[in-house]
Amino acid sequence: MPSTPPSPKLSGKARPLPYGRQSISEEDIQAVAEVLRSDWLTTGPTVDRFERTVAEYVGAPHAVAVSSGTAALHAITRALQLSPGDEVIVPPITFAATANAVVYEGGVPIFADVNPDTLLIDPAAVESKITPKTRAIIAVDYAGQPCDYDALRALASKHSLALIADGCHALGARSGNARVGSIADMTAFSFHPVKHITTGEGGMVTTANPDFAKHMRQFRNHGISTDHRERAERESWFYEMRELGYNYRITDFQCALGISQMCRLDAWLERRRAIAAMYGRLFAASDHVRPLALRPGITHAYHLYVVRISGDRQAVFAALRNEGIGVNVHYVPVHLHPYYQERFGTRPGLCPHGESAYQSILSLPMFSDMMDEDVVRVAEATMRYASAG
Ligand SMILES: *Cc1c(COP(=O)(O)O)cnc(C)c1O
């Protein structure tokens, strides 16, 4: 059964609702405290245990934990060994970090438009952007819905490209029976508090490729070829820095929180899906509020619940915020940020579907501790303001 906490009695104005929120239990706190009392604070046995927990959950042979989802994406673009000017295809409707990770490594992000109904990268648009310089595709499982990986894999194979997933929204999502994390060549996850599970800040890459995994372990530790634990085992002081890496390590106590949170992931996913189903039923009759389309054969992870508003989205946004309902807009199309326009010459009109969606999308509150009455309140207020506009 989904855990629905007791409703505080609402007097006057209803309590504020964020669009997303972490859930921390006494068990989580206990797990972190235990590690704080142990010998290892950073890069110890709990990091390994967290990596194995997530790897097993998603069905990937290898997992490399790092300090953020952004560091995970950067470890991926480093493992691709891009040459300056190499192109990596990304969608415009994502967090800027997806494209930034390409730029960190001297690559050029090439924006391929999204499908207007799902806001997932459109394989036909990807194909039209492939050139002799293309090295990889980064698919973003926007809102928690897996992309069309069959079509993307076919393109990647045909053109010898790496297929990367930014799965930061999609821990626990499935495409057929395969979980996100086991489909692409490398998949990035984030454990920021707004995501499905949290380590405060944190991230992970899952992969079936042992060479990628080894390279990313080195990269997260300054480019040094063995970590101090291996050296301790070998009773050796020697180490070599083989490339310019970073300190992207995650701590053991963060990973203790992550392992403890993983125990509740399936229950949380079930609750998120129940909330989405409630929203869907409530919006079915509305002419003004339309949820994003679902692809066949997928199991959604509902990091976000995104609707399209016909009418004045800005007015609906402001009215809901004024009622303490923490709606948001995900995302400003990445190619429209001043940095990308100035550095890469991207302009409005490059991705018409993404740009037009940006005018009408709204992310409604979606988190596992939301109560049924919260969902009804949000849906009714959204429909009321949307039909007024
Ligand atoms: C959250 C997120 C990231 C970055 O993760 P951090 O842990 O905040 O660095 C990257 N891509 C997407 C799609 C995200 O939602």
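The values are calculated or read from the model by the stated rules, or taken from the named source; none is laboratory data. Owing to the predicted nature of the structure, the values given are computational and were not obtained by experimental measurement. Neighbour counts are summed over all protein chains in view; Cβ atoms, including those assigned to glycine, are modelled from backbone coordinates with ideal geometry. These area figures cover heavy atoms from the full protein model, side chains too; ligands, DNA and RNA do not enter into them. Shrake-Rupley method; radii C 1.70, N 1.55, O 1.52, S 1.80 Å.
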request  = Being within 8 Å of the ligand (Cβ to nearest atom) and part of a helix (DSSP H, G or I) is the filter; apply it to segment 62-80 and report the residue that is most open to solvent (accessible area, probe 1.4 Å).
outcome  = 70
task = Please verify whether segment 185-208 includes one or more residues that are open to solvent by 10 Å² or more (accessible area, probe 1.4 Å), aliphatic (A, V, I, L, M) and either more than 25 Å from residue 71 (Cβ to Cβ) or in contact with a helix residue (DSSP H, G or I) (Cβ under 6 Å, 6 or more places away or on another chain) (or both).
result = no
key: Of residues in segment 19-35 being at pLDDT 95 or above and of a type outside the set (A, V, I, L, M), the one farthest from residue 377 (Cα to Cα)   = 34
task = Identify, from the list 133, 129, 158, the residue that is out of contact with any Leu (no Cβ under 7 Å at 6 or more places or on another chain), under 29 Å from residue 307 (Cβ atoms), of a type outside the set (Ser, Thr, Tyr) and open to solvent by 10 Å² or more (accessible area, probe 1.4 Å).
result = 129
task = Could you pull out the residue among 152, 119 that is outside any strand (DSSP E or B) and touching a Pro at 6+ places or on another chain (Cβ under 6 Å)?
result = 152
Residue, surrounded by the most Cβ atoms within 10 Å (Cβ to Cβ), within segment 209-225, restricted to residues that are in a helix (DSSP H, G or I) and within 16 Å of the ligand (Cβ to nearest atom) = 216
request  = Can you tell me which residue among 279, 302 is in contact with a Gly (Cβ under 9 Å, 6 or more places away or on another chain), buried (at least 22 other Cβ atoms within 10 Å of the Cβ) and of a type outside the set (Asp, Glu)?
outcome  = 302
task = Taking the residues in segment 95-109 that are out of contact with any His (no Cβ under 9 Å at 6 or more places or on another chain) and part of a helix (DSSP H, G or I) as candidates, determine which candidate is most open to solvent (accessible area, probe 1.4 Å).
result = 103
